Amino acid sequence: MSTIKVGLLGFGTIGTGVVRNFQRNSEIMRQRLGSGLELTKIADLDIDTDRGVQLESGILTSNVDEVIANPEIDIVIELIGGYEPAKSFILKAIANGKHIVTANKALMAIHGQEIIAAANKQGVTVMFEAAVGGGIPIISSIKENLCSNEFSSVLGILNGTCNFILTKMTDEGSDFAPVLQEAQDLGYAEADPTFDIEGIDTAHKIALLSALCFGTSVDFEQVYVEGITKVSAVDIEFADQMGYKIKLLAIGKNHGDQIEVRVHPTMIPKTYQLAEINGVFNAVRLVGDFAGPTLLYGSGAGMDATASAVMGDVIAISRDIKAGGKPRVPIMGYCDDQIKALPIMAMSEVVSHYYLRFTTADQTSVLAKIAGCLGSHNISIQSMLQPEEREVDSVSIVLMTHEAKEADIAAALVEIEKLDVVLQPTCLIRVENDPV
Ligand code: HSE
């Protein structure tokens, strides 16, 4: 078999990692594949900056067509990121018969169906292991190793920047803003960290994982997303006193005729494995009906870890090419005519335990009034914490509820916030108590 030829779009951090992996481990890859892999062309608008890797002359080009329209190239790696021009380049490469490897979670979560339809029509594949969890082999685990299972849930800590910030806030009692600045200074958060801290990056990833686990399309617009910007040091402290940690948790649950897909700060018991995932690390907990709970943990981002996922996909496709060219595994892990369109449960229907922190006047009957409003909406209190420290003219009341419906909680809070003894908007954090 002759050498399989690969083209790369985007020579940034991950692209540089891909070049390093090609160069350092080419012999290992040749031994595992049984033929050579060649990085034939790299296209980037910037062909002058020194990335710290040596390339043979003629490899680097600013002309994207030298990759996507190059008849020699079998596989195109897209590491540009964002929607455009990445999407147009991928569609052109597919039309030219190239297999695609991408790390682009935003593109796959929003435009995946269009890209997959084009690939299926052309008889090529699209692989995107690097889009979720960096170097963690989560997508291939769902599509291949665990594919005899029906999954009931997939829970994840999927954004290293948010996990770094929440871990620091927990360990040091710091507030959000200074820790975000530190994350930016260390290069973890983007210069514009909106997608990270507002939960959007995490939502793209859980949309993809839910689609893969539950065999359904996922309408990203229906995914509930709440980031970490309102998480305060005081809530982290109260959570700690109650035996919980606060994480930005991505939640996918399968109810048969509908699914839950949501992202929000979540209190999880300290004894829960996901509570131990700290710093920039990511983890995903899958529950399959035969495999049971499986936790995958590792580097969720970074040059080398993400390059590892990219190159794993390149080798998987190369093996298919060697075996005759037809992609062996469906792009979303289910045969295309078997993919459902399950609705996403409305947030108002979601059932959870809730942490509620009220800021109230320090006077008699306040608790009775709040408990009355909760009771009239069928919300039962599981436990309560009232710290002794208090402001001059206000006090915090912290309640943990039994399971309640989100719509009932919302209705109760509207009434509670109308009480003259309640001085500030209530802080609400959902609680994931029972690992399913
Ligand atoms: N910004 C992402 C993170 C990088 O912090 O995890 C990987 O998607």
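The values are calculated or read from the model by the stated rules, or taken from the named source; none is laboratory data. Computed from a predicted structure; not experimentally measured. Positions of Cβ are generated from backbone atoms using ideal geometry, with glycine treated the same way; all protein chains shown enter the neighbour counts. All accessible areas refer to the heavy atoms of the entire protein, side chains included, with ligands and DNA or RNA removed. Shrake-Rupley method; radii C 1.70, N 1.55, O 1.52, S 1.80 Å.
Over region 138-299, what is the mean sequence separation of C-alpha contacts under 8 Å (at least six apart), divided by residue count, expressed as relative contact order in percent?
Values: 308 pairs, mean separation 55.8, N = 162.
For region 138-299, the relative contact order is 34 percent.
Which net charge results when you count Lys and Arg as +1 and Asp and Glu as -1 among the other residues whose beta-carbon is under 11 Å from that of P343?
Values: positive: K340; negative: D219, D257, E260, E349.
Local charge sum for P343: -3.
Looking at the square roots a ≥ b ≥ c of the eigenvalues of the Cα gyration tensor of the chain, which shape do they give, rounded for a/c under 1.5, prolate if a/b is larger than b/c, or oblate? Kindly include the intermediate steps, with their values, before the conclusion.
Working: a/c = 2.65, a/b = 1.97, b/c = 1.34.
Taking the square roots of the gyration eigenvalues as a ≥ b ≥ c, the chain is prolate.
So how far, in whole Å, is the C-alpha centre of region 71-85 from the one of region 326-357?
27
Could you sort out which of K230/K418; K5/K143; K92/K253; K205/K369; K5/K253 sit more than 32 Å apart by Cα distance in this structure? Present the calculation step by step, with values, prior to reporting the outcome.
Working: K230/K418 22 Å; K5/K143 25 Å; K92/K253 35 Å; K205/K369 42 Å; K5/K253 40 Å.
The pairs that break the limit, which is 32 Å between Cα atoms, are K92/K253; K205/K369; K5/K253.
Whole-Hz Karplus ³J(HN,Hα) for region 54-60, in order, using 6.51 cos²θ - 1.76 cosθ + 1.60 and θ = phi - 60°, x for Gly and Pro?
Values per residue, Gly and Pro as x: 8, 10, 5, 5, x, 6, 7 Hz.
Using alpha-carbon positions, what is the distance between the centroids of region 1-65 and region 411-436, in Å?
Distance between centres, Cα-based: 53 Å.
Please give the calculated 222 nm ellipticity per residue for the chain, where each DSSP H segment of at least 4 residues contributes -39500 (n - 2.57) and the sum is spread over every residue; nearest 500 deg cm²/dmol? Don't skip to the answer; put the middle values down first.
Details: 13 runs with 145 residues, N = 436.
Estimated from H runs of four or more residues: -10000 deg cm²/dmol.
Out of the total accessible area of the chain (probe 1.4 Å, heavy atoms of protein only), what percent is carbon and sulfur?
Numbers: 9230 of 18810 Å².
That fraction is 49 percent.
Between A341 and D393, what FRET efficiency comes out of the Förster formula 1/(1 + (r/R0)^6) with R0 = 51 Å and r the beta carbon distance, rounded to 0.05?
On the way: r = 53 Å, r/R0 = 1.05.
Result of the calculation: an efficiency of 0.45.
Let me have the relative contact order for the chain, percent, based on Cα pairs under 8 Å that are six or more residues apart.
Numbers: 896 pairs, mean separation 70.4, N = 436.
After rounding, I find 16 percent.
With θ taken as phi - 60° and the coefficients 6.51, -1.76 and 1.60, list the Karplus ³J(HN,Hα) couplings across region 61-67 in order, rounded to whole Hz; mark glycine and proline as x.
These are the phi-based 3J(HN,Hα) values: 9, 9, 9, 4, 5, 5, 9 Hz.
Could you pull the accessible area for L356 with a 1.4 Å probe, rounded to 10 Å²?
Number for this one is 0 Å².
By accessible area of protein heavy atoms, probe 1.4 Å, what ranking do D65, D420 get, highest first?
Numbers: D65 80, D420 125 Å².
The residues order as D420, D65, largest area first.
Just to confirm, what accessible area per residue do you get for the chain at 1.4 Å probe, in whole Å²?
Numbers: 18810 Å² over 436 residues.
Value for the chain: 43 Å² per residue.
Spelling out what I want: for every residue of region 89-100, take phi, set θ = phi - 60°, compute 6.51 cos²θ - 1.76 cosθ + 1.60 (Karplus), and round to whole Hz; glycine and proline get x.
With coefficients 6.51, -1.76 and 1.60, one gets 5, 5, 5, 5, 4, 4, 4, 8, x, 8, 6, 10 Hz.
For Y272, what accessible surface area do you get with a 1.4 Å probe? Give it in Å², rounded to 10.
20
Could you work out the relative contact order of region 97-203, using alpha carbon pairs under 8 angstrom and six or more residues apart, expressed as a whole percent?
21
Protein chains only, probe 1.4 Å: how do K340, K326, K247, K253 rank by accessible area, largest first?
Working: K340 90, K326 165, K247 5, K253 30 Å².
The ranking, largest first, comes out as K326, K340, K253, K247.
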